[in-house]
Amino acid sequence: MQKQEKTVCQWNWISRKVKGVDMCETKDVLILAIESSCDETAAAVIKNGREVLSNIISSQIDIHKLYGGVVPEIASRKHIEKINQVIEEALKEAETTLDDIDAVGVTYGPGLVGALLVGVAEAKAIAYAKNIPLIGVHHIEGHISANYIENKDLEPPFSCLVVSGGHTHLVRVKGYGEYEILGRTRDDAAGEAFDKVARAVGLGYPGGPKIEKLSKEGNPYAIAFPKARIADSPYDFSFSGVKSAVLNYINGCQMKGEPYNQADIAASFQKAVIDVLIENAMHAADEFGMDKFAIAGGVASNSTLRNAMKEACEKKGIRFFYPSPVYCTDNAAMIGVAAYYEYRKGTRHGWDLNAVPNLKLGER
């Protein structure tokens, strides 16, 4: 019997003993996962923590780009409109029903409180109606867990850089659901800085993909934007300075009546951000002797960042892991993977589970 099968068998023996059946039986575990922390309404069915049977995402980008960013009230209303439909599609694509589901996993923080509440209420209703476990998942833990989907051999311990619109964390993954935060942003998250610079340049929302696309036409060495380093916290990040430097550069050109090259600004800004991300990550790799490194989050889909991080890891002999772009941006598959390992550990939440918009990684 393989190690993984033995573990599943042991878990099911515990589960069935509680139900009064003292026997060991291997059984596939199906998790229905729900994600609604921002502006994507998503549902997925995950089998045994590593196999995605379905991953349905309803995006609101076309709505929010009219306002230059996510409008929380609109996001919440759209989640209410879409969530039942998305779950039905996820179950249909997975060729399963709620009767086959072993547990429901749902993002309960961090995120927009109204948006989170929609997903949490839906998950609680399903878990109650079907008398199955309810498992709340931390959004950042979901992003980290996205790496398990396509990298079947990846297991803790490893280190992970989480870069998204709301978060920039450098994390040591000690075990499934066990984390140590080495560094985090002191102000703007990397993705937030991308969005604000894109708006200043005139690209609109969402900024990350547009900055990346435009930067391919520019010279990353054209403008020397600052790279913040924090003396007392070498693994922390700060991106408000480089964002302000871009705004000042554009304002200066406009006041002098001088033209400026949008592509050069995008490329130079992107280089400044990526350089800091890589430098901090590799500093931690040297300090802690890391041999496995992963990236996650929406900004992790940036091909320039992925290629630069891959090159930096190869120079140090570090194995580098990353999810496909569809698993970098907000999705329910990553939540289902994280929920599976919490399920295996015995994590259960009650009907008092609530949305926690400022939930810290490691909190329960």
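The values are calculated or read from the model by the stated rules, or taken from the named source; none is laboratory data. Computed from a predicted structure; not experimentally measured. Neighbour counts run over all protein chains shown; Cβ positions are idealised from the backbone, glycine included.
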(request) Quickly run through the stretch 247-284 and pick out the residues that are touching an Asp or Glu at 6+ places or on another chain (Cβ under 9 Å) and buried (at least 21 other Cβ atoms within 10 Å of the Cβ). (result) 266, 267, 270, 280
(message) Can you tell me which of (1) loosely packed, with under 14 Cβ neighbours inside 10 Å; (2) over 30 Å from residue 152 (Cα atoms); (3) not acidic (Asp, Glu) is the one residue 204 doesn't meet?
(response) (1)
(message) For the stretch 141-153, check the following and say yes or no: at least one residue is touching a Ser or Thr at 6+ places or on another chain (Cβ under 6 Å), closer than 30 Å to residue 234 by Cβ and of a type in the set (S, T, N, Q).
(response) no
(message) Cβ contacts < 9 Å: first residue closer than 20 Å to residue 195 by Cβ, restricted to the stretch 252-277; second residue among the acidic types (Asp, Glu), any location; separation 6+ or different chain. Result?
(response) 262/217; 263/217; 264/217; 266/212; 266/217; 267/217; 270/212
(request) Test residue 218 against the stated conditions and say whether it is without any contact (Cβ under 8 Å) to a residue 40 or more places away in the chain, within 30 Å of residue 59 (Cα to Cα) and surrounded by 17 or more Cβ atoms within 10 Å (Cβ to Cβ). (result) no
(message) Quick check on residue 252: is it out of contact with any helix residue (DSSP H, G or I) (no Cβ under 8 Å at 6 or more places or on another chain) and either at positive phi or assigned by TED's automatic domain parsing to the domain that holds residue 69 (or both)?
(response) no
(message) Just the residues that are in a helix (DSSP H, G or I) and either in contact with a helix residue (DSSP H, G or I) (Cβ under 9 Å, 6 or more places away or on another chain) or at pLDDT below 95 (or both), please, taken from the stretch 312-330.
(response) 312, 313, 315, 325, 326, 327, 328
(message) Can you tell me which of (1) assigned to a loop (DSSP other than H, G, I, E, B); (2) at negative phi; (3) not assigned by TED's automatic domain parsing to the domain that holds residue 41 is the one residue 132 doesn't meet?
(response) (3)
(request) Given the conditions (1) in a loop (DSSP other than H, G, I, E, B); (2) surrounded by fewer than 22 Cβ atoms within 10 Å (Cβ to Cβ); (3) within 19 Å of the chain's Cα centre (by Cα); (4) not acidic (Asp, Glu), report the number of the one that residue 67 does not fulfil. (result) (3)
(request) Quick one: in the stretch 303-326, of everything that is more than 29 Å from residue 55 (Cβ to Cβ) and of a type in the set (Lys, Arg), which residue is surrounded by the fewest Cβ atoms within 10 Å (Cβ to Cβ)? (result) 315
(request) Would you check which residues across the stretch 221-249 are touching a residue at least 60 places away in the same chain (Cβ under 8 Å) and either among the hydrophobic types (A, V, I, L, M, F, W, C) or not assigned by TED's automatic domain parsing to the domain that holds residue 200 (or both) and list them? (result) 237, 239
